[in-house]
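Taking it in order: structure first as structure tokens, then the write-up.
The values are calculated or read from the model by the stated rules, or taken from the named source; none is laboratory data. A quick note: this is a predicted structure, and the numbers were derived from the prediction, not measured. Note that each Cβ is placed from the backbone with ideal geometry, even for glycine, and that neighbours are counted across all protein chains shown.
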Amino acid sequence: MEKKTRWLTYCDRVPVLSWLDWVLRGFSQVMFQNNPLTGLLFFAAIVVSAWQANAPQVAWGCLLATLVATLSARLLLKDRTALTRGMLGYNGCLVGAALPAFLAPSAWLWLCIIFSALMSVIVTVGVNRLLKQWQIAALTAPFVFTTWTVLLASHSFLRLAPLPQPVLVSVTPPDMLPQLSHIIPATLDGVSQVFLCNSPAGGILMLLGLAVSSRLAMMMALAGSLIAVLIAMLAGAGSQPIESGMYAFSPVLTAIALGAVFNRLGIKTLCYTLTGVVFTVLMQGAFNTLLKPLDIPTLTMPFVIVSWLFLLANQNENSPLSSAP
Amino acid sequence: MEKKTRWLTYCDRVPVLSWLDWVLRGFSQVMFQNNPLTGLLFFAAIVVSAWQANAPQVAWGCLLATLVATLSARLLLKDRTALTRGMLGYNGCLVGAALPAFLAPSAWLWLCIIFSALMSVIVTVGVNRLLKQWQIAALTAPFVFTTWTVLLASHSFLRLAPLPQPVLVSVTPPDMLPQLSHIIPATLDGVSQVFLCNSPAGGILMLLGLAVSSRLAMMMALAGSLIAVLIAMLAGAGSQPIESGMYAFSPVLTAIALGAVFNRLGIKTLCYTLTGVVFTVLMQGAFNTLLKPLDIPTLTMPFVIVSWLFLLANQNENSPLSSAP
Amino acid sequence: MEKKTRWLTYCDRVPVLSWLDWVLRGFSQVMFQNNPLTGLLFFAAIVVSAWQANAPQVAWGCLLATLVATLSARLLLKDRTALTRGMLGYNGCLVGAALPAFLAPSAWLWLCIIFSALMSVIVTVGVNRLLKQWQIAALTAPFVFTTWTVLLASHSFLRLAPLPQPVLVSVTPPDMLPQLSHIIPATLDGVSQVFLCNSPAGGILMLLGLAVSSRLAMMMALAGSLIAVLIAMLAGAGSQPIESGMYAFSPVLTAIALGAVFNRLGIKTLCYTLTGVVFTVLMQGAFNTLLKPLDIPTLTMPFVIVSWLFLLANQNENSPLSSAP
């Protein structure tokens with residue numbers, strides 16, 4: 001608390017530090033944290049993963065888009081409360097990671113990232129207004145909406161060319177059955193896939209970032225990813241998507257949201273969160289089939305749908321967790 | 001009333017009877033009734049249809065899922081009013097009929113039915129909360145949502161294998177033109193398809209079940225099915241889907257909902273219901289095309305969409321049926 | 001004002017004139033105007049375009065459907081305020097233009113137009129009720145919903161045959177790159193495509209119609225179309241869709257809605273509208289890809305989605321245009 005106050009005092013004095021603070025909190029809000037140090041560790045994880053995959057544009061896109069989103073929010077909105085908590089930056093951050101991961105690099109790509117980051121702010125404000133009366137958060141829906149729009153549009157405009165394969169997907173040889181020894185790397189990959197990365201080292205850095213802000217959130221993320229990997233293996237999902245963490249990143253977010261952010265800890269909450277994680281794995285399988293004809297990635301939509309439902313179902317006195325509001 | 005009271009008195013004394021009562025009311029709520037005898041006749045209809053089609057797993061799935069949904073609701077929710085009316089069982093009942101009708105039997109299927117029945121309760125509570133401010137019911141949307149998720153996911157997980165053909169679809173030889181003599185069986189099939197069955201005998205038992213609770217609902221169901229079959233024939237739909245009742249089951253539910261449950265009877269209501277039935281047939285044709293690339297069934301979504309619209313349009317003083325609230 | 005009053009006095013005396021007035025205002029509301037003269041010029045534009053394309057059924061369909069929608073609203077609803085402003089006719093008008101443009105002419109087509117016009121009224125009342133609490137308008141969503149339903153259903157019913165090619169699409173030879181000299185015709189085509197026409201002369205008549213009611217709306221429509229054509233050219237969309245105005249008609253409506261109807265004019269509003277127009281072009285590209293597997297047209301859905309978002313985002317004191325409510 002003391003330390004935080006000192007940092008905020010510096011920020012108040014040096015405007016550039018304020019901006020840095022807002023951008024870092026934007027990174028950290030991707031996993032529901034409001035902590036610049038967490039944001040710094042998340043960004044370090046992205047940098048490490050991007051360089052490992054020889055795709056530094058993902059890290060730059062992430063940084064640029066979070067900056068543009070923060071700047072847009074600063075210009076467009078009077079009330080800065082949400083801005084200073086990073087609530088208007090995290091969707092931009094994800095858009096900035098996703099577009100260079102799926103589109104070929106070009107000047108138009110960067111123009112598109114800047115415009116999409118601005119869009120992500122308007123969409124976030126719009127979706128928040130839409131959901132206000134149910135008192136549920138926009139989660140990463142604005143990111144998914146904006147990115148899907150651009151990726152679908154890229155098939156209509158020659159200047160935006162979709163890549164034959166996302167830059168950050170590992171090209172491990174496909175096995176028929178996933179190896180037991182791959183459970184741990186797949187779990188860590190699952191955490192890193194929240195930022196569209198595919199790197200166990202990145203996953204560890206992100207868990208570290210979470211631990212700095214909330215140990216509970218870190219444990220939920222780790223447990224969510226592990227459980228998702230195990231269920232996907234047992235249910236017979238393909239080994240390639242399991243091992244690159246594709247079945248785990250949405251459950252990671254569901255676990256943090258239901259288990260560490262929006263409900264009070266307890267046995268009931270743990271059961272509710274576990275149910276939500278299992279349903280998110282099922283929903284991930286459903287979205288894989290649903291989007292195959294369109295050839296666009298599911299992004300975090302399985303998490304958004306399941307979490308909205310579970311948050312909606314838990315809102316009044318007659319709800320599953322009513323005794324633990 | 002007297003008889004009902006005696007039954008409820010027995011239920012109060014013997015806990016097992018209470019559970020039976022809730023499960024039977026869950027069956028009956030599929031067609032908007034709150035009557036254990038109706039539920040019993042509905043279940044008899046399912047049993048007859050399932051054995052006729054040599055697919056008893058549909059009847060068992062139905063029973064198991066309604067039980068699990070009722071149990072989940074009992075554990076999760078404090079307020080038992082909805083539970084005792086069967087309002088938390090009917091979506092589970094339909095999920096339990098649909099999954100064994102479209103997926104190959106296996107231990108994983110039964111595990112999946114149990115989990116989906118639990119899900120149907122959480123989704124029902126969530127959707128009810130979502131729709132609360134418009135004062136419209138969830139209808140069978142939670143069933144459709146949960147079943148679509150599992151069926152789409154079955155393409156991603158080896159343990160859940162979609163059947164090459166739904167077990168309850170009759171394999172009548174396809175004619176180019178539907179026969180006039182098939183109108184009556186098609187109408188009865190349409191009623192039974194509400195529970196994913198395909199049996200005139202089942203349809204008759206279901207109409208009997210409705211008559212026990214509400215003669216108006218029974219007449220609406222029969223008329224809705226007949227009108228839908230006639231329109232589909234006139235408009236030139238394929239004879240195979242018409243004769244197995246595929247164009248009639250959503251209109252059956254639209255007719256009961258608009259004509260016998262949510263509006264007061266009268267000439268205006270009859271016209272409004274007829275319009276809704278015709279629009280549901282059109283919507284069924286639209287959903288057939290919409291879902292063809294995904295290879296999943298429409299289930300009762302055409303009914304849900306049309307009824308939501310017609311109920312929304314009829315809510316304030318300046319509405320089509322305003323004089324008959 | 002004086003002239004308008006005299007016209008309304010005539011209307012009060014002669015019932016047939018009242019009906020004419022309501023129908024013409026229905027036409028004019030397609031572009032957010034409440035002016036019978038504008039409606040007359042719009043209808044003249046449709047007639048000119050339809051005869052140029054040798055497809056008079058589009059003009060007749062438009063007239064018939066607006067009449068039926070107005071009549072249905074008169075019979076169904078007590079409150080006539082919306083009716084007398086044309087608010088219940090414009091969706092019918094568009095349905096009546098779209099169905100003969102995409103379906104083969106037949107007695108069933110005309111039956112279908114009449115039923116769809118009736119449906120458009122119920123859907124409009126329903127959607128208005130749905131959106132009431134966010135205080136945003138239904139826009140052309142009821143038209144898109146009704147038309148998509150019929151077009152999708154036309155693949156299921158033999159009596160409704162989809163045309164191999166929409167009647168009003170010009171068959172200019174496809175170039176790889178759009179010609180600079182085509183910018184002006186493409187811009188005018190874009191305006192006329194709001195009514196599913198494809199005629200520079202029609203576009204000019206529509207701009208005239210707008211000018212009669214609001215010069216600002218006319219300038220927004222023209223600028224919106226021009227900017228959309230330029231962006232689509234720069235971004236490398238196909239020359240054929242650009243030149244037939246396919247990238248411009250949704251931005252025309254976005255520009256009028258955001259720039260001339262729902263926000264007060266000013267620098268901020270101009271920037272906001274420009275952003276909305278660019279996003280609508282992107283959304284048009286996205287919907288082209290999204291609907292390709294279903295083989296149905298995007299209609300004005302890109303406009304509806306973007307405008308809803310931009311109107312939602314601009315609703316409270318902490319919104320982009322808060323200083324200009």
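Scanning segment B:133-144 for any residue that is under 17 Å from residue B:60 (Cα atoms) and within 10 Å of chain A (Cβ to nearest Cβ) turns up nothing.
Among the residues of segment B:233-248, the ones that are closer than 27 Å to residue B:311 by Cβ, small (Gly, Ala, Ser) and within 11 Å of another protein chain (Cβ to nearest Cβ) come to 2 in all.
When residue C:34 is tested against the conditions (1) modelled with pLDDT of 95 or more; (2) in a helix (DSSP H, G or I), the lone failure is (2). Has segment C:153-165 got any residue that is under 17 Å from the mean Cα position of the chain (by Cα) and more than 12 Å from every other protein chain (Cβ to nearest Cβ)? Within segment C:153-165, not a single residue is under 17 Å from the mean Cα position of the chain (by Cα) and more than 12 Å from every other protein chain (Cβ to nearest Cβ). Within segment C:127-136, being touching a Ser or Thr at 6+ places or on another chain (Cβ under 9 Å) and in a helix (DSSP H, G or I) holds for one residue alone: C:129. Conditions: (1) modelled with pLDDT under 95; (2) in a helix (DSSP H, G or I); (3) closer than 29 Å to residue A:57 by Cα. Residue A:173 meets all but one. Number of the miss? Only one criterion in (1) modelled with pLDDT under 95; (2) in a helix (DSSP H, G or I); (3) closer than 29 Å to residue A:57 by Cα is unmet by residue A:173, namely (2). Across segment C:50-60, the qualifying residues are those that are part of a helix (DSSP H, G or I) and over 15 Å from the mean Cα position of the chain (by Cα), and the one among them that is nearest to residue C:119 (Cα to Cα) is C:60.
Against the test of being in a helix (DSSP H, G or I), in contact (Cβ under 8 Å) with a residue 40 or more places away in the chain and hydroxyl-bearing (Ser, Thr, Tyr), the options C:70, C:5 yield a single qualifying residue, C:70. Going by what's in this entry, would residue C:139 be described as within 20 Å of residue C:309 (Cα to Cα) and either modelled with pLDDT of 95 or more or assigned to a helix (DSSP H, G or I) (or both)? In short, yes.
Within segment B:89-126, the set of residues being of a type in the set (Ser, Thr, Tyr), more than 9 Å from every other protein chain (Cβ to nearest Cβ) and in a helix (DSSP H, G or I) comprises B:90, B:120. Residues in segment A:291-313 that are farther than 24 Å from residue B:77 by Cα and either within 11 Å of another protein chain (Cβ to nearest Cβ) or without any contact (Cβ under 8 Å) to a residue 60 or more places away in the chain (or both): 8 in all.
Let's see how each residue does on (1) among the small types (Gly, Ala, Ser); (2) within 18 Å of the chain's Cα centre (by Cα):
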position: C:194; (1), (2): no, yes
position: C:203; (1), (2): yes, yes
position: C:222; (1), (2): no, yes
position: C:237; (1), (2): yes, no
position: C:262; (1), (2): no, yes
position: C:275; (1), (2): no, no
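Of the numbered criteria (1) in a helix (DSSP H, G or I); (2) in contact with a helix residue (DSSP H, G or I) (Cβ under 6 Å, 6 or more places away or on another chain); (3) within 26 Å of residue C:315 (Cα to Cα), the one residue A:86 fails is (1). Residues in segment B:69-88 that are within 20 Å of the chain's Cα centre (by Cα) and either under 17 Å from residue B:123 (Cα atoms) or facing another protein chain (nearest Cβ under 9 Å) (or both): B:69, B:70, B:73, B:82, B:83, B:86, B:87, B:88.
Among the residues of segment A:249-273, those identified as within 14 Å of another protein chain (Cβ to nearest Cβ) and either of a type in the set (A, V, I, L, M) or without any contact (Cβ under 8 Å) to a residue 12 or more places away in the chain (or both) are A:258, A:267, A:271. Of B:251, B:293, B:241, which residue is more than 23 Å from residue C:116 (Cα to Cα) and either surrounded by 20 or more Cβ atoms within 10 Å (Cβ to Cβ) or touching a Lys or Arg at 6+ places or on another chain (Cβ under 7 Å) (or both)? After applying the criteria, what remains is B:241.
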